[in-house]
1. Residue by residue through the stretch 178-190, which ³J(HN,Hα) values in whole Hz follow from phi under the Karplus form 6.51 cos²θ - 1.76 cosθ + 1.60 (θ = phi - 60°), with glycine and proline marked x?
2. With each run of n ≥ 4 DSSP H residues scored as -39500 (n - 2.57), what mean residue ellipticity at 222 nm is computed for the chain after dividing by its residue count and rounding to the nearest 500 deg cm²/dmol?
3. Assign unit charges at the C-beta atoms only (+1 for Lys and Arg, -1 for Asp and Glu), then state the dipole size of the stretch 165-228 relative to its Cα centre in Debye, rounded to the nearest 20.
4. What is the antiparallel percent of DSSP beta bridges lying wholly in the chain, to the nearest 5?
5. What is the distance in Å between the Cα centres of the stretch 40-74 and the stretch 1-32?
6. Can you give the charge dipole size of the chain about its Cα centre, rounded to the nearest 20 debye, using +1 on the beta carbon of Lys and Arg and -1 on the beta carbon of Asp and Glu?
7. Say we join alpha carbon atoms closer than 10 Å with springs in a Gaussian network model of the chain; which of 108, 67, 127 then has the biggest fluctuation?
8. Provide the gained length on full extension for the span residue 209 to residue 64, in nm with one decimal, where the gain is 0.36 nm per separating residue minus the Cα-Cα distance.
Amino acid sequence: MAKVLILGGGFGGVVAAERLAQQLSDEHQITLVARSRNFIFYPALVRLAFGHCEKKDVSFDLRHAMLDRRVNFIEAEVARIDPYEKKVIIAHGELEGQLPYDFLVFALGRRLATERITGFYEHAHHLLNVDKAIQFGKTVSNFQAGRVVLGQCPGTRLPVPVYETAFALARLLSERGERDRVKITLVSPNPLGSEIGDEAGNAIQRVLKDRQIEFLPDFSIISVFEDAVITDRGRRLKFDLLMLLPPFRGSSAASYLGVTNHEGYINVDGTMRVVGHEGIYAVGDSVNFEGPKMGHMAVRQGDVAAANLAAEIEGHEPVSRYTHEMRLVIDDAGSESIYLHKNIWTDAPATLRQGRFWSWAKRVQKEYWEVSHS
Ligand SMILES: Cc1cc2nc3c(=O)[nH]c(=O)nc-3n(C[C@H](O)[C@H](O)[C@H](O)COP(=O)(O)OP(=O)(O)OC[C@H]3O[C@@H](n4cnc5c(N)ncnc54)[C@H](O)[C@@H]3O)c2cc1C
């Protein structure tokens, strides 16, 4: 009998748990640990902020969903992993102390490194969790005139919600007849298209121009004041409302493993095994792969890790390899909503599509997750 521990109840952890439950016989024990019993469908948080869906629509109960699949669920905070003694140290929660394992899937996502941007905590809005998204939405609904600055910091690696926020805000202001009173400026530490390719960058540029949204590239914010942001080159930009995504770093629970890069992301091979430790796999935002960090990548990685872990338990060689692809939908651009599919590890040309269909497809994907897990 093998004890399999899955750390994290996001896209990566949930998919790994479900697939392992399908592939392993009942004699093996599968346990999922997460700090919250709610799974959050993050891609819907911009829609939540703008009142297009409700809090109950963006989450489901993990304990309930996991029990249905014969996976034990423990609500607890993971402090660190001891790979030599094969145990996980739990800081607090339903359980305290240590949890032993034979095999581990690390899916704790990334952390928000707000400490790297002076004044972020005091003066910036963001929408990276449910409460912050609702709070930003309330501020937007009372905002009538001035300059709104939206953007990412160096190391954020999540462009989609920034563009979606800009498009949703422009639409809301137009509907309220207040578009002329508000200037929307989007800032990025990178040139447009550097994260998602030139073709998609050009498509976004057309939508930005059409919606009269200013775009400032190479704008690396290092500090935030009450009414202005400052870049590493001393540029200053005033704002009346700021929504800024802070830098990302790897989960601190991985830092003791000795297998992370300089930003704390875990080194894995193409089978999603952690390089340098037996019996440990890592998936999702926590791993050291280039490019944006996205939910569909975590899903695919959870799939690959589960297939290879099941094979390892049965004494077989790895059966599945991961290919690093980017698939994204930038919603709220009406008939110009964007779909992009690109293989990040090859030079194969990207597939780009535009149209209302892609907004609809993104919503259907959310509903699929809700229905299949609740
Ligand atoms: C606003 C927003 C919009 C997005 N839009 C898109 C999109 O359009 N398309 C797309 O593909 N991706 C999108 N993403 C990215 C996507 O949500 C992430 O890539 C995905 O959630 C990563 O999954 P994960 O399982 O690696 O980590 P997460 O989803 O972050 O899950 C981590 C899990 O670990 C738990 N956890 C963390 N630390 C601890 C600890 N110390 N102890 C115990 N539990 C812990 C958490 O509670 C959670 O259960 C978006 C993200 C955001 C925030």
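The values are calculated or read from the model by the stated rules, or taken from the named source; none is laboratory data. Not measured: the values here are computed from a predicted model. Glycine gets a Cβ as well: all are built from the backbone with ideal geometry, and neighbour counts include every protein chain shown. Please note that ligands, DNA and RNA were not included when accessible areas were found on the heavy atoms of the full protein model with its side chains. Shrake-Rupley method; radii C 1.70, N 1.55, O 1.52, S 1.80 Å.
1. Residue by residue, the stretch 178-190 yields 10, 4, 5, 8, 10, 9, 10, 10, 10, 10, 9, x, 10 Hz.
2. Taking each H run of at least 4 residues, the total per residue is -9000 deg cm²/dmol.
3. Dipole of the stretch 165-228, to the nearest 20 debye: 300 debye.
4. Of all bridge pairs located within the chain, approximately 50 percent are antiparallel.
5. 19 Å
6. Values: 44 positive and 47 negative charges, 212 e Å.
Its charge dipole is roughly 1020 debye.
7. 67
8. Length gained between residue 209 and residue 64: 47.6 nm.
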